[in-house]
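Any read-out appearing in this document is the output of simple, stated calculations on the displayed coordinates, not a laboratory observation. Treat the numbers as computed from the prediction; the structure is a model and nothing was measured. Every residue, glycine as well, gets a Cβ built from its backbone with ideal geometry; the counts of neighbours run over all protein chains shown.
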Amino acid sequence: MRITILAVGHKAPGWVQEGFNEYARRMPAEARLELVELKPEERGAGRSADRAKVLEGERILAAVPQGATLLALDERGRSVTTQGLSVMLSDWMRDGTYPCFVIGGADGLSDPVRERAAKLISLSALTLPHALVRVVLAEQLYRAWTILARHPYHRE
C-alpha cells in the first residue's frame, strides 16, 4: 500500500524535511509514505485569497493519484484519535485502499476539494503551521502502524 500526502507549499525548512523523512523511513514497505509538494499560488497586492484557494484546489485535484481515496485535513473536519487512525490504516490495508491526504495552502482548502474528499479530518483543535502538519501526520501514521504491528513505540 502507498500513502500519499499532497501538501500545498514548497521550500519547507530543513527540520520539516528531516522530520518527515525520519517517519517515512520508518514505515514498512507494505505501507510506503510519500510526500508530493504543490506550488502555492502567489499572494499579495491585487491578488485575491479566494482566487488563490481555487487555483490551489485545481492543482490538488489534478495531483490526486488515480484510484486514491482523498482525505482532507481541515480544521472543521472530524477529530480522529491515534487509535482511530490505526483502525483506518488497518481497514485501508485490508481493503487495498490507496489513501491520499491533502494539506491545503495558507487559506485552506477550496470547496471542490472538500466536496471530493471521502473524509474531512482534523488532527487538532489547535491551528498548526502547515509545514508542521506534514511531520505530525507522518508521525501519527507511523504510530498507527506500530499499534497494528504491536511495536513498543506507542504506549497507552
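Give the angle, between 0 and 90 degrees and rounded to the nearest 10, that separates the Cα long axis of helix 14-26 from the longest principal axis of the Cα atoms of the chain. Its long axis makes an angle of about 40 degrees. Our coupling estimate for segment 39-47, obtained by passing each phi through the Karplus curve with A = 6.51, B = -1.76, C = 1.60 and θ = phi - 60°, is 5, x, 6, 5, 10, x, 4, x, 10 Hz, Gly and Pro reported as x.
With respect to the chain, whose longest principal axis is taken over its alpha-carbon atoms, helix 82-95 is tilted by about 80°. For the chain, the longest principal axis of the Cα atoms and the long axis of helix 130-148 meet at an angle of about 20 degrees. Modelled spin labels at R76 and R94, positioned 7 Å past Cα toward Cβ, are 3.2 nm from each other. Remark: the L148-R47 segment gains 31.7 nm on full extension, using 0.36 nm per residue and subtracting the alpha carbon distance.
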